[in-house]
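J.: Below: one structure in structure tokens.
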Amino acid sequence: MRAREFIIEQATGAFELRCRSILSKLASLVEPEDRSVISTVDIWISSNPTDADKIYSSPKERVVVVDQEEFADAPVEVLIWLLAHEVGHIVMNHRDKIPAQQSQQQELDADDYATKLTLKLGINKVPVFTWLGRKKDELGRTELERRRAAERDPSLQDFWKDRSHPTTDRRQQRAQQQGMELSKVNTDQIDQLLKHMA
């Protein structure tokens, strides 16, 4: 974790309190052995615009880092699911720097963990991929634009297959089998509306 360069907000603000409150609620939903792990998890609030990963966890150090600028406006259901996902990595003691196929399985396992906890809260629809899909990457492309680029250029297909995270469609289908809708809307309509409003 020390190798990563990020800026941590020193003052405890409303966003950090919101994240800690969610973490506490998640801990109350799990079995005692998981609760003992979650009770040691720390939340670090980042505001580093150069950090590509806007939310991530370090199972070894039991830390979840959340970028405040990126996630402060996230709907509460999205923040719950994302924090539960990151906590899942810690509870299951996932490892970094593993082959893509194993990494994808770890991501699916963390999704399952997040889905299970979110359903326990009575939430069965989370617009996580709608919300994340609107965010831009370092080149200013949305997830939708990245997927379309891979569809247009077959040479990019292998890159998208071998990435560390499963496809959005696979993650949605898996969650749906468990009774959770991780919704994704047609972002073209949103883009058109934003252009019209501008």
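J.: So which residues in region 98-111 are of a type in the set (A, V, I, L, M) and surrounded by fewer than 20 Cβ atoms within 10 Å (Cβ to Cβ)? Lay out the reasoning, then the answer.
T.: Taking region 98-111 first, the residues of a type in the set (A, V, I, L, M) are 98, 100, 108, 110.
Passing the criteria: I98, A100, L108.
J.: Can you find, within region 38-47, the residue that is surrounded by the most Cβ atoms within 10 Å (Cβ to Cβ) among those that are touching a helix residue (DSSP H, G or I) at 6+ places or on another chain (Cβ under 8 Å) and hydroxyl-bearing (S, T, Y)?
T.: Applying the filter and picking the extreme gives S46.
J.: Which of the residues that make up region 68-108 are of a type in the set (D, E, K, R) and at pLDDT 90 or above?
T.: Within region 68-108, E77, E86, R95, E107 qualify.
J.: Where the second residue is surrounded by fewer than 20 Cβ atoms within 10 Å (Cβ to Cβ) and among the aliphatic types (A, V, I, L, M) and the first is closer than 20 Å to E31 by Cα and lies in region 89-107, which pairs have Cβ atoms under 6 Å and are six or more apart or on separate chains?
T.: V91/V37
J.: Follow-up. Which residue out of R95, R35 is of a type in the set (D, E, K, R) and surrounded by 13 or more Cβ atoms within 10 Å (Cβ to Cβ)?
T.: R35
J.: If only one of V65, V76 is of a type in the set (V, I, T) and surrounded by 22 or more Cβ atoms within 10 Å (Cβ to Cβ), which one is it? Working first, answer last.
T.: Details: V76 fails: surrounded by 22 or more Cβ atoms within 10 Å (Cβ to Cβ).
After ruling out the rest, the residue left standing is V65.
J.: Inside region 48-58, can you point out the residues that are crowded, with 16+ Cβ neighbours inside 10 Å and either in contact with a Pro (Cβ under 7 Å, 6 or more places away or on another chain) or farther than 17 Å from H165 by Cα (or both)? Please lay out each step first, then the result.
T.: Of region 48-58, the ones crowded, with 16+ Cβ neighbours inside 10 Å are 48, 51, 54-58.
Once the filter is applied, which keeps residues that are crowded, with 16+ Cβ neighbours inside 10 Å and either in contact with a Pro (Cβ under 7 Å, 6 or more places away or on another chain) or farther than 17 Å from H165 by Cα (or both), region 48-58 yields N48, D51.
J.: Additional query: Looking at region 53-93 only, could you name the residues that are among the polar types (S, T, N, Q) and out of contact with any helix residue (DSSP H, G or I) (no Cβ under 6 Å at 6 or more places or on another chain)?
T.: S58, N93
J.: Given the options R152, R134, R147, R170, name the one that is more than 26 Å from S58 (Cβ to Cβ), modelled with pLDDT of 60 or more, among the basic types (K, R) and surrounded by fewer than 15 Cβ atoms within 10 Å (Cβ to Cβ). So that I can check it myself, show each step before the final result.
T.: Values: R134 fails: surrounded by fewer than 15 Cβ atoms within 10 Å (Cβ to Cβ); R147 fails: surrounded by fewer than 15 Cβ atoms within 10 Å (Cβ to Cβ); R170 fails: more than 26 Å from S58 (Cβ to Cβ).
Of R152, R134, R147, R170, the one residue that is more than 26 Å from S58 (Cβ to Cβ), modelled with pLDDT of 60 or more, among the basic types (K, R) and surrounded by fewer than 15 Cβ atoms within 10 Å (Cβ to Cβ) is R152.
J.: Could I ask something else about it? Scan I43, I98, I90 and give me the residue that is among the aliphatic types (A, V, I, L, M), out of contact with any strand residue (DSSP E or B) (no Cβ under 6 Å at 6 or more places or on another chain) and either assigned to a helix (DSSP H, G or I) or more than 19 Å from L182 (Cβ to Cβ) (or both).
T.: Unique residue meeting the criteria: I98.
The values are calculated or read from the model by the stated rules, or taken from the named source; none is laboratory data. Predicted model, so just to flag it, every value in this text is computed and none were measured. Cβ sites come from the backbone with ideal geometry, for glycine too, and all protein chains shown count toward neighbours.
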